[in-house]
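Beneath this line is the structure, given in structure tokens, with notes to follow.
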Amino acid sequence: MNIIYLATLIFGLICIIGTTIYLYILIRRITNLFASRITKQWIRNIIPISLAAIIIGLIIIYNPIILFVIYFLMASIIIDIIHFFINKFANESSRLVKIWKIIHMALIIPILFSTGMMVYGHINIMNVQPTYYTVSTDKDIRDEGYRICLIADVHFGSSISTKDLTNMCDEISGKDPDIVILCGDIVDESTSYDQMIDVFSGLGKIKANIGTYFVYGNHDCQTYVANPSFTKEQLAKTITENNIAILEDDIIHINNDLAIVGRVDASFSTNTNRISIDNLLSDVDKNDYIIVLDHQPTEYAKNSDAGTDLLLSGHTHAGQFWPLNIVLDIVPFNDGVYGLERINNMDTIITSGVSGWAFPFKTSAPAEYVIIDITP
């Protein structure tokens, strides 16, 4: 097993155990206020134990309450630390200290904070915004350059509706892109067959001067469920019928100055068929501006050494939930988490995506599609 994943598993178990203990203490503190007349200790213990177990169960099965609980616990722990120092050093007879104790006991700040984060996260993911980047090159591309629209992680059915998708596609068409890139996870395990038809029909209507290109993400083929709503063949047929080209370690040459390279996804389900980037680019003219589309932001060093000029990815959702984005910056699951970064002579852009996985909430970055201007 990969050492990073093993360490993450151990850390996750420690967090679950620690969370259970803290929840028990917190809930017992609250229930003791209302159960002071109960004399039997086991009765006074069973309420917090049961509530803590229920909450941990909801967290494990990915119930949306996990977000509220996590933000609540974060705020509550910080407030408890502040409360400790106030008790230790402040004058207990002070009016402000008495007010603070009421605020602390009533959990007002954790409740307001977690509620606010949930409201913000839902509003944020429901309002998809354009994000703009400009990259330049010394290579001899056409004078007007190229405008690319990068779309990834729509996870259709999670948050964005068919009407919102249509409005987004019309908005993108109005920005006059030369090329539209669909960089994986446009659908996922929760997407129905009809929704799959709808999303690619909508995306296929975006007016791109040159073309629209798609690479698979780790969720598109509904890899993680036993009974998928559609087969890979049905998915591919729908995509191509909407004038979208599928690239699986394939190369498209444009105007004798641009090469678009679409990668097979690097997930465990498909990596046996993945060609090395060195071999893939061995016959590509290095005078061309080389754009590599790879759903997962990996192999930065290999791409840079092989001659990639621009690497486009999604997958990370920019962490989706703050402060997970900070954790992912520290723990190297991928080579990047979000945004534009320069690696030697290569630019990399990771989009946070149109939506997110499983939950219609996003607190780490905007829900976005990306407009990239490549200028000579």
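The values are calculated or read from the model by the stated rules, or taken from the named source; none is laboratory data. Just so it is clear, the structure is predicted and the values come from calculations on it, not from any experiment. Neighbour counts are summed over all protein chains in view; Cβ atoms, including those assigned to glycine, are modelled from backbone coordinates with ideal geometry. Accessible surface areas use protein heavy atoms only, side chains included; no ligands, DNA or RNA. Shrake-Rupley method; radii C 1.70, N 1.55, O 1.52, S 1.80 Å.
Out of curiosity, is Tyr289 surrounded by 18 or more Cβ atoms within 10 Å (Cβ to Cβ), among the aromatic types (Phe, Trp, Tyr), farther than 19 Å from Ile254 by Cβ and modelled with pLDDT of 95 or more? So Tyr289 fails the test.
Count of region 229-256 residues, restricted to those that are open to solvent by less than 60 Å² (accessible area, probe 1.4 Å) and touching a residue at least 24 places away in the same chain (Cβ under 8 Å), is 14. Filtered by the rule that a residue be within 14 Å of Asp294 (Cα to Cα), of a type outside the set (Gly, Ala, Ser) and open to solvent by less than 40 Å² (accessible area, probe 1.4 Å), region 333-345 gives Asn334, Val337. The set of residues in region 184-215 being touching a Leu at 6+ places or on another chain (Cβ under 9 Å) and among the hydroxyl-bearing types (Ser, Thr, Tyr) consists of Thr212, Tyr213. Looking across region 306-332, the residues that are aliphatic (A, V, I, L, M) and either open to solvent by 60 Å² or more (accessible area, probe 1.4 Å) or over 18 Å from Ile277 (Cβ atoms) (or both) come down to Ala318, Leu324, Ile326, Val327, Leu328, Ile330, Val331. Test Asn303 against the stated conditions and say whether it is buried (at least 22 other Cβ atoms within 10 Å of the Cβ), touching a residue at least 12 places away in the same chain (Cβ under 8 Å) and in a helix (DSSP H, G or I). Yes.
Just need a number here: residues in region 173-222 that are of a type in the set (Val, Ile, Thr) and more than 21 Å from the chain's Cα centre (by Cα).
Start the filter on region 173-222 by keeping residues that are of a type in the set (Val, Ile, Thr), which leaves 179-181, 186-187, 191, 197, 199, 206, 210, 212, 215.
Restricting the remaining residues to those that are more than 21 Å from the chain's Cα centre (by Cα) gives 179, 197, 206, 210, 212.
Going through region 173-222 one residue at a time, the tally reaches 5.
Does at least one position in region 311-326 carry a residue that is in a loop (DSSP other than H, G, I, E, B) and either more than 23 Å from Gly121 (Cα to Cα) or in contact with a helix residue (DSSP H, G or I) (Cβ under 6 Å, 6 or more places away or on another chain) (or both)? The answer is no, given that none of the residues of region 311-326 is in a loop (DSSP other than H, G, I, E, B) and either more than 23 Å from Gly121 (Cα to Cα) or in contact with a helix residue (DSSP H, G or I) (Cβ under 6 Å, 6 or more places away or on another chain) (or both). In summary, Tyr369 fulfils each of the numbered conditions (1) open to solvent by 10 Å² or more (accessible area, probe 1.4 Å); (2) over 18 Å from Ser276 (Cβ atoms); (3) of a type in the set (Ser, Thr, Tyr) with the single exception of condition (1). With respect to being over 15 Å from Arg142 (Cβ atoms) and either open to solvent by less than 50 Å² (accessible area, probe 1.4 Å) or under 29 Å from the mean Cα position of the chain (by Cα) (or both), Leu281 fits the description.
Scanning region 100-118 for residues that are out of contact with any helix residue (DSSP H, G or I) (no Cβ under 8 Å at 6 or more places or on another chain), open to solvent by less than 80 Å² (accessible area, probe 1.4 Å) and at pLDDT 90 or above yields a total of 2.
Restricting region 179-195 to residues that are out of contact with any Gly (no Cβ under 9 Å at 6 or more places or on another chain) and open to solvent by 10 Å² or more (accessible area, probe 1.4 Å) leaves a set whose member that is modelled with the lowest pLDDT is Glu189.
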